[in-house]
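So the structure is just underneath, and the comments pick up after that.
The values are calculated or read from the model by the stated rules, or taken from the named source; none is laboratory data. Model, not experiment: these values are computed from the prediction. Cβ sites come from the backbone with ideal geometry, for glycine too, and all protein chains shown count toward neighbours.
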Amino acid sequence: MNRREWLKSMSALAVGAFVAPSLLAVFDAHAASRKAGAAPRFFAPAQSNLIAAVADIVIPRTDTPGASDAGVPAFIDSMFKDVYTKAEQKRYFTALAAFDQAGGKPFLQLDQAQRKALVTRLHANALGHAPDATLPPAEDFVLRTKKLTMLGFFVSQPGCTQVLQYVAVPGGFKADIPLSQAGNGRAWAT
């Protein structure tokens, strides 16, 4: 083994040691989200209901399952319990409280159209800030919840198999083919 191969091996080992616990926590959170009817382990039930309502606005049920159908609220709950630091948890709680009052009354007391309009407005405002800017708490809540919703949904079975293309055992490699022949324009799950 030459020096270059040794450095590559040691780099891969170091990255693996650093990344493995985070990946394991994500997979554990996904497994926890699969338990039907499980009570939230981190958030209060009212907070969990609010998060589920926002997640269902981000990924609503259409001809494919929505965020709640895929277990995203339980995934988010597990991520905050098992992965996020105390400082990140506190920041999210502060943002959640600010968001809950951003519509003039508690979010769950708004009708569906008002909820969607509020989430859409705060999301657009959050995207209007510079990438490294500190967001106002309500906007931070919407953006962070959207990111977690997307992550939780696309590691779930419905997200991988019903929205993305999925082949458990893919066939042979076909290079340089038109997109229309590569799965009807849908992205691959694996």
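Just one of ALA97, ALA102 is modelled with pLDDT of 95 or more and among the small types (Gly, Ala, Ser); which is it?
So the residue among ALA97, ALA102 that is modelled with pLDDT of 95 or more and among the small types (Gly, Ala, Ser) is ALA97.
How many residues does the stretch 65-91 contain that are of a type in the set (D, E, K, R), touching a residue at least 60 places away in the same chain (Cβ under 8 Å) and closer than 15 Å to LYS147 by Cα?
Residues meeting the conditions: 0.
What pairs can you find where one residue is in the stretch 123-136 and in a helix (DSSP H, G or I), the other is aromatic (Phe, Trp, Tyr), and their Cβ atoms are less than 8 Å apart, with a gap of 6+ or different chains?
Nothing qualifies.
Kindly indicate the residue of the stretch 137-175 that is in contact (Cβ under 8 Å) with a residue 40 or more places away in the chain and aromatic (Phe, Trp, Tyr) and also farthest from ALA102 (Cα to Cα) among those meeting that condition.
PHE153
Of the residues in the stretch 52-107, how many are assigned to a loop (DSSP other than H, G, I, E, B) and of a type in the set (Phe, Trp, Tyr)?
Total satisfying the criteria: 1.
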